Structure formats: structure tokens, C-alpha cells
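The values are calculated or read from the model by the stated rules, or taken from the named source; none is laboratory data. Keep in mind the model is a prediction, meaning the values are calculated, not measured. Heads up, the Cβs are rebuilt from the backbone with ideal geometry, glycines too, and the neighbour counts pull from every protein chain shown. Calculation scope for accessible area: heavy atoms of the full protein, side chains included, ligands and nucleic acids excluded. Shrake-Rupley method; radii C 1.70, N 1.55, O 1.52, S 1.80 Å.
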Amino acid sequence: MAEKNIEQIKFISSRNIFGRVFLAFALLLTLLFGWFSVSWMVGSMMAELASPSDFNAQATAQTALNLSPSDPATNWLSATAVKDDKIALKTYEKIVQLSPNDFRWWIELGRTREQLEDFAGSEKAFLQAVEIAPNYSFPHWQLGNFYLRRGDEKKAFGEFQKSAAGSFEYRDQVFSTLWEFYDKDTAKLEQIVVDNPQAKASLAKFYAVKERAIDSLRIWNTLTNEQKTENKIFSELILQAFYEKKFYRTAVEFASGLGKESEAKAETVQNGGFESPIKDAAETLFGWRYTPTEKFDVKLDSSSKKEGNRSLRLLFTGFANVEIKNLRQYVTVESGKRYRLTFWLRTENLKSAGTPNLEVANANDDKVITSTNPFPTGTNDWQQLKLDFTAPTNTEAVELRTGRGFCGNNCPIFGSVWYDGFVIGRQ
């Protein structure tokens, strides 16, 4: 076996000159192929990592182009790095020849032609992009904007409608563009959504963000229950927008309708008798919200109550902050109307130069409307407190919250306070 291997080696080493030339040529081709492959990859990578806004973008673009002259990406970087639209145009025309089936390059060509006022050529390029990717929103978005700039509203609408139908991302851009173009004309804007449930849900969210609560609810309520369920993500965004924009009456109605806070009702203290658990501040919009803090604890208490099965105990063990405000609830009201808030209070071993009190504040501007006197020190049995107030003209909700009298920057509170039986009603 060893002798046979030696013979094979001798046979290979004794090839004639033509065999050696062939091997050398093959090796050269392999090296050339490797060089071009590596240079192509390096050039392409440079084009992907570089930005046209870099201070040395033109130099980077030229290096990448030298390494990979037939790569659309390196040519794109070269086109975007130059400041001359005419030079860029020639490059984009080269790019679409190199990669005729990539809609992105046709869009870039259309933009550049439009900059040079070749509107017919620009339209042709945008149409080619749409033909290549008819189900993508981006080409329709670009063509719609082109038509809108050219004053052809009918064609623009058609393209915007297709763009909005296919993409959540571009819907908001379409809505924003037409919102400004038609000076907040809802009728024009709603022509875009037609019978597309997802687009309608997006539009309802858009109206909520734009502080058009009535329009938002109107569009949302055109959806069937099944469509509302399918677009649940939009319902949560709409509710959050109502809340953040301080449309509290609309928000509480919307939340109740969604089943998100089934107990939430207008002009009603939710869980006023503390029969249900107190939620973390991030878990509710209209229930009692509690934010834990040092030396102040809140617990439901079944051993001491005025009515029902339990009350709420606030335990202070040296809490010394200037403000408390970490137990609160928003209650919707109607501006200009008179209300009375009643609740039951009990204290035990309460000590401080600045004891707690109960504040009613404007939820829209955080200003205190009215408050009780500081709670009595020592131990005091259940007593009912009443607060009468008029809802300010600029509010849709009031905030019930525990405050305290000012007694310095380091004024501790010790002892316990119990709440029970919160009720609000019109006078």
C-alpha cells in the first residue's frame, strides 16, 4: 500500500509543463475570485455602515465604490454623498440598471428627478416602484406625496388610501399629512379609511391624540364588537390618549365600555368603601392608586370599619415629607356643577405638627379646590366629614388625595388614620 502511494506522488510531481500552467491558471482565478468577493463585501459593508451626513462621506463613498463598483448600495452612498443633483441623477439611473427590481432605487430616482423638475420622469419612476412592490405601503406613500405636491388630489387620495390600508406606520403619516393639508377637515380625512377596520381604529387613535375626543369615539363606535376586539391594541392607545389629554369624562366612559375598569362610572368614587383591593398606581386610571413610600403604609382593615366589611388604614411611622399625595383617585365631574363629598374618618395615636388632611384638587391643573381641616391628633372615633365645592370650568375631573399641613421640611407623622364610605353627589 505504501509503495502504491509513492508511485502516485511521483506521478503527480512528474506532470508536464502544460499541467503546471493549468494549475497556476486555476490558482490565479481562485485568488482573483477571492479578491473580488472580499472587495465586494468590504465595499458593501462600508456603504451600509456609512451615513451620507458624515463629514467624510464623499471619501468613504469613493473608496466603497472603488472596491465594489457594481454594487447598488455603494452607488447609492455615492449619489447621496454628492451635493449636485445632476451628478446624483446619473448615479441613480445607473443603480436602477444594476438592480431594476428593487423599488427603493426607483423611489430615489423619482425624488431626484422631481428635484430637477423632471416631473414626467419622476412620476414614471414612482409608478415603476409601485409596480414592483404593489403591496408595500412605502411606494404608495411616496407616489401619493408626489401627486399631492403636483396638485392632483384625486390620484394622491388613491395612493394614500392604499398606503394607509397596508401599514400601521404609514397610516399616521397619511393622517398627519392630510390633517394639515386640509386644515383639520375630518370629512376629507375619513375618506381615506373607507371600510377598513384597522384604518378606522388607527384614525380613532389619531383623533384621540389630536384632542378630538368626540370624533375619536364616533369613529371607534362604527366598528363591530368583533372588530373592536381584533383592534384591542388601538383601544388601549385611545384610552391612554384620552387620559393623558385630560378628557377624563370620555376616558372613564371608554374604559368602562372596554371592560378595562368595569366599576368606573362618571361622578362616582370607585371602591369608596374599600371592599376591593387597592391597586398599584400603574394598574388603574380611576380607582384608588397607591404609590409605596418609606414610613407610610396603606392596608385594608377588617377589624375597624364604619360600614361594609372593611376600611382603609393609613399607618404613619415617622413619615416626614412635605407632601403625601401617594393615595389618590380621579373622579369625573361636570364643570360648573356643585358637588358634596362625604367620608368617614377615624384616628389613633395621631401625632404631628402637620397632620394629614383630605384634598379635592382640579385634575387638569393640580390646584386645590377645597380641603378638610387637618385631621385631629390623638385617638378619635369615627366621624363623618363633608366637603362642598363647585367644579371649575376648566376641569373634567377632581382628584381626591391625602395631603398635609406644612410644618417644615422635616416634620414627621406618627399614628394611624382610617378612611371609609367615600360618596360624591351633586347638590
Residue count, the stretch 327-378, condition among the aromatic types (Phe, Trp, Tyr), part of a strand (DSSP E or B) and either open to solvent by less than 50 Å² (accessible area, probe 1.4 Å) or farther than 30 Å from Ser303 by Cβ (or both), comes to 3
What are the residues in the stretch 137-171 that are open to solvent by 40 Å² or more (accessible area, probe 1.4 Å) and of a type in the set (D, E, K, R), if any? Arg149, Arg150, Asp152, Glu153, Lys154, Lys155, Lys162, Glu169
For Ser311, the lone unmet condition from (1) in contact (Cβ under 8 Å) with a residue 24 or more places away in the chain; (2) touching a Leu at 6+ places or on another chain (Cβ under 8 Å); (3) under 28 Å from Asn364 (Cα atoms) is (3)
When the residues of the stretch 409-423 are narrowed to those that are under 18 Å from Val298 (Cα atoms) and open to solvent by 20 Å² or more (accessible area, probe 1.4 Å), which ends up nearest to the chain's Cα centre (by Cα)? Pro412
Phe406 surrounded by fewer than 19 Cβ atoms within 10 Å (Cβ to Cβ), of a type in the set (A, V, I, L, M, F, W, C) and outside any strand (DSSP E or B): yes
Those residues that are within 19 Å of the chain's Cα centre (by Cα) and open to solvent by 50 Å² or more (accessible area, probe 1.4 Å), I need them from the stretch 231-258; list them, please. Lys232, Ile233, Glu236, Leu237, Gln240, Glu244, Lys245, Lys246
Hits in the stretch 270-287 - residues which are of a type in the set (A, V, I, L, M) and either modelled with pLDDT of 95 or more or surrounded by 13 or more Cβ atoms within 10 Å (Cβ to Cβ) (or both): Ile278, Ala281, Leu285
Residue count for the stretch 288-305, restricted to those that are at pLDDT 90 or above, open to solvent by 60 Å² or more (accessible area, probe 1.4 Å) and in a loop (DSSP other than H, G, I, E, B): 5
Could you tell me how many of the residues in the stretch 100-124 are in contact (Cβ under 8 Å) with a residue 24 or more places away in the chain, of a type outside the set (Lys, Arg), in contact with a Ser or Thr (Cβ under 9 Å, 6 or more places away or on another chain) and surrounded by 18 or more Cβ atoms within 10 Å (Cβ to Cβ)? 6
Please find, within the stretch 172-196, the residue that is surrounded by the most Cβ atoms within 10 Å (Cβ to Cβ) out of those that are part of a helix (DSSP H, G or I) and of a type in the set (A, V, I, L, M, F, W, C). Val174
For the stretch 261-307, which positions are touching a helix residue (DSSP H, G or I) at 6+ places or on another chain (Cβ under 7 Å), farther than 24 Å from Val417 by Cα and among the charged types (D, E, K, R)? Glu261, Lys265
Any idea how many residues of the stretch 293-307 are without any contact (Cβ under 8 Å) to a residue 60 or more places away in the chain and over 19 Å from Gly415 (Cβ atoms)? 1
Within the stretch 142-166, how many residues are closer than 18 Å to Gly110 by Cα and either modelled with pLDDT of 95 or more or not aromatic (Phe, Trp, Tyr) (or both)? 15
Give the stretch 314-326 a look and list any residue that's surrounded by 20 or more Cβ atoms within 10 Å (Cβ to Cβ) and either touching a Lys or Arg at 6+ places or on another chain (Cβ under 6 Å) or closer than 10 Å to Thr293 by Cβ (or both), or say none. Phe319, Ile324
Residues that are at pLDDT below 95, closer than 22 Å to Ile278 by Cα and open to solvent by less than 20 Å² (accessible area, probe 1.4 Å): does the stretch 380-400 have at least one? no
Among (1) farther than 23 Å from Val322 by Cα; (2) buried (at least 16 other Cβ atoms within 10 Å of the Cβ), there is one condition Arg426 misses while meeting the rest; what is its number? (2)
All conditions in (1) more than 35 Å from the chain's Cα centre (by Cα); (2) more than 22 Å from Leu387 (Cβ to Cβ); (3) open to solvent by less than 20 Å² (accessible area, probe 1.4 Å) are true of Glu261 except (1)
Residue list for the stretch 142-171, filter: part of a helix (DSSP H, G or I) and among the polar types (S, T, N, Q): Gln142, Asn145, Gln161, Ser163
